[in-house]
Every structure is written in C-alpha cells, then in structure tokens.
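Step one of this worksheet: look at the structure below.
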Amino acid sequence: MKDCIFCKIIRGEIPSTRIYEDERVFAFMDIHPISKGHALVIPKVHAENIWEMASEDLAAVHAASKAIAHALRSALDTEGIAVLQLNGAAVGQVVMHYHLHLVPRVKGAPALPMSHWELTPGNMDEIKTIARKISAEIK
Ligand code: 5GP
Ligand code: ZN
C-alpha cells in the first residue's frame with residue numbers, strides 16, 4: 001500500500017534495522033523498544049489486521065517468529081518473550097499493517113508492562129454464555 005509506513009520499510013523507502021526476510025515475511029527492530037531486542041514481524045503483502053490476513057501469510061509470520069524467538073533467546077540471554085499483536089485502534093494499534101511484536105525479557109531486566117495484570121475471577125455463567133456465542137460464529 002502506497003502510504004503505509006511498514007510497506008515503505010519493506011520497499012526500502014524508509015530505513016529499518018532488518019533481522020530476517022523471506023518470500024512472505026519481513027522482520028526488523030522496533031524503534032521505540034519496550035525492552036532490549038524488541039522486534040516486529042510483518043507480512044510482505046499489506047493487510048491491516050487479523051481479519052484481513054491471508055491464512056498463508058499468518059502462518060508464515062508465525063513460523064518466522066518462532067525462528068526469530070530462538071535467535072532472541074540465544075543472542076540476548078532472553079528468559080521469556082511476550083508476543084503481542086494489536087487489531088484495531090480500539091486496542092491501541094497505531095500502524096495499520098499487521099505486525100507481531102516480539103518483546104524479550106532478558107535476564108535481570110524489569111518486568112514487562114504488558115504481561116502483568118491482576119487476576120480477578122470471572123462470572124462463570126457469563127463466561128459460558130459468551131463462549132456459546134463465539135463458538136456458534138466460528139466458520
Ligand atoms: P502498534 O501499537 O501499532 O502495535 O505498534 C506500532 C509499533 O511500530 C510501535 O512499537 C512503534 O515503535 C513501531 N514503529 C512505528 N514507526 C516505526 C518505524 O518507522 N520504524 C520502526 N522500526 N518501528 C516503527
Ligand atoms: Zn502496509
């Protein structure tokens with residue numbers, strides 16, 4: 001897509017720190033890293049979000065993220081990796097080209113902000129009602 005910042009990165013019109021590339025996938029370092037090693041994995045074909053992604057591209061991005069996750073672990077003394085992917089401005093997506101965040105936590109680094117939340121037990125009746133609605137819609 002012409003004006004998409006990540007499409008421009010793939011085309012080399014905007015510089016990026018590339019770490020991986022194949023037929024379908026491009027991966028590079030985030031310029032506002034949440035942690036040391038924060039990387040982004042994107043499809044080469046523009047798709048805004050999970051609803052628009054071709055299943056083949058979705059599979060390719062996730063397969064590549066596994067290889068990159070192995071590399072993050074061996075290169076950076078990583079103890080854990082948060083994988084985050086936002087769909088829609090309502091949940092904070094800023095760049096409207098599908099991307100997986102790989103956010104490593106290296107040994108001794110502070111806890112990641114997005115991976116710690118308080119556990120409050122839900123209402124099981126409500127959970128089951130919602131689950132029935134969802135599963136009825138799965139095609
Ligand atoms: P989102 O909130 O959409 O999931 O996150 C977008 C991410 O893209 C942010 O973490 C932001 O730092 C990153 N980002 C935005 N513009 C650029 C850019 O020009 N180059 C790189 N490498 N990352 C970018
Ligand atoms: Zn794009």
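The values are calculated or read from the model by the stated rules, or taken from the named source; none is laboratory data. What you see is a predicted model, and the numbers here were worked out from it, not measured in a lab. Glycine also receives a Cβ, built like all others from the backbone with ideal geometry; neighbour counts cover every protein chain displayed. For the accessible areas, the whole protein counts, side chains as well, though only heavy atoms, and no ligand, DNA or RNA atoms are used. Shrake-Rupley method; radii C 1.70, N 1.55, O 1.52, S 1.80 Å.
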| field | Given (1) surrounded by fewer than 16 Cβ atoms within 10 Å (Cβ to Cβ); (2) polar (S, T, N, Q); (3) within 22 Å of LYS8 (Cβ to Cβ), number of the condition GLN93 does not satisfy | value | (1)
| query | Are any of the residues in the stretch 16-31 more than 16 Å from ligand 2 (Cβ to nearest atom), surrounded by 13 or more Cβ atoms within 10 Å (Cβ to Cβ) and among the small types (Gly, Ala, Ser)? | reply | no
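Are any residues in the stretch 36-49 open to solvent by less than 80 Å² (accessible area, probe 1.4 Å), more than 13 Å from the chain's Cα centre (by Cα) and away from ligand 2 (no atom under 16 Å from the Cβ), and if so, which ones?
The initial filter retains those residues of the stretch 36-49 that are open to solvent by less than 80 Å² (accessible area, probe 1.4 Å), namely 37-44, 46-49.
Narrowing further to those that are more than 13 Å from the chain's Cα centre (by Cα): 37, 44, 46-47.
Once the filter is applied, which keeps residues that are open to solvent by less than 80 Å² (accessible area, probe 1.4 Å), more than 13 Å from the chain's Cα centre (by Cα) and away from ligand 2 (no atom under 16 Å from the Cβ), the stretch 36-49 yields only GLY37.
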| Residue check: is ILE81 touching a Pro at 6+ places or on another chain (Cβ under 6 Å), farther than 16 Å from CYS4 by Cβ and not charged (D, E, K, R)? | yes
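This table checks each residue for (1) in contact with a Cys (Cβ under 9 Å, 6 or more places away or on another chain); (2) of a type outside the set (Val, Ile, Thr); (3) open to solvent by less than 60 Å² (accessible area, probe 1.4 Å); (4) within 20 Å of SER16 (Cα to Cα).
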residue: ILE34; (1), (2), (3), (4): no, no, no, yes
residue: TRP51; (1), (2), (3), (4): no, yes, no, no
residue: ALA71; (1), (2), (3), (4): no, yes, yes, yes
residue: ALA75; (1), (2), (3), (4): no, yes, no, yes
residue: HIS99; (1), (2), (3), (4): no, yes, yes, yes
residue: ASN123; (1), (2), (3), (4): no, yes, no, no
residue: SER135; (1), (2), (3), (4): no, yes, no, no
| remark: The one condition HIS46 fails out of (1) within 15 Å of ligand 1 (Cβ to nearest atom); (2) out of contact with any helix residue (DSSP H, G or I) (no Cβ under 7 Å at 6 or more places or on another chain); (3) under 20 Å from ASP22 (Cβ atoms) is (2)
| field | Filter result for ILE9 (more than 16 Å from ligand 2 (Cβ to nearest atom), surrounded by 13 or more Cβ atoms within 10 Å (Cβ to Cβ), on the phi < 0 side of the Ramachandran plot and not polar (S, T, N, Q)) | value | no
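Looking only at the stretch 102-120, decide whether some residue is among the aromatic types (Phe, Trp, Tyr), at pLDDT 95 or above and open to solvent by 80 Å² or more (accessible area, probe 1.4 Å).
Step one: of the stretch 102-120, the residues among the aromatic types (Phe, Trp, Tyr) are 117.
Going one step further and asking which of them are at pLDDT 95 or above, we end up with none.
No, there is no match, as no residue in the stretch 102-120 is among the aromatic types (Phe, Trp, Tyr), at pLDDT 95 or above and open to solvent by 80 Å² or more (accessible area, probe 1.4 Å).
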| query | Only one of these conditions is not met by ILE42: (1) modelled with pLDDT of 95 or more; (2) farther than 26 Å from LYS139 by Cβ; (3) not acidic (Asp, Glu). Which number is it? | reply | (2)
| request: Kindly indicate whether GLU118 is away from ligand 2 (no atom under 16 Å from the Cβ) and either outside any loop (DSSP other than H, G, I, E, B) or in contact (Cβ under 8 Å) with a residue 12 or more places away in the chain (or both). | output: no
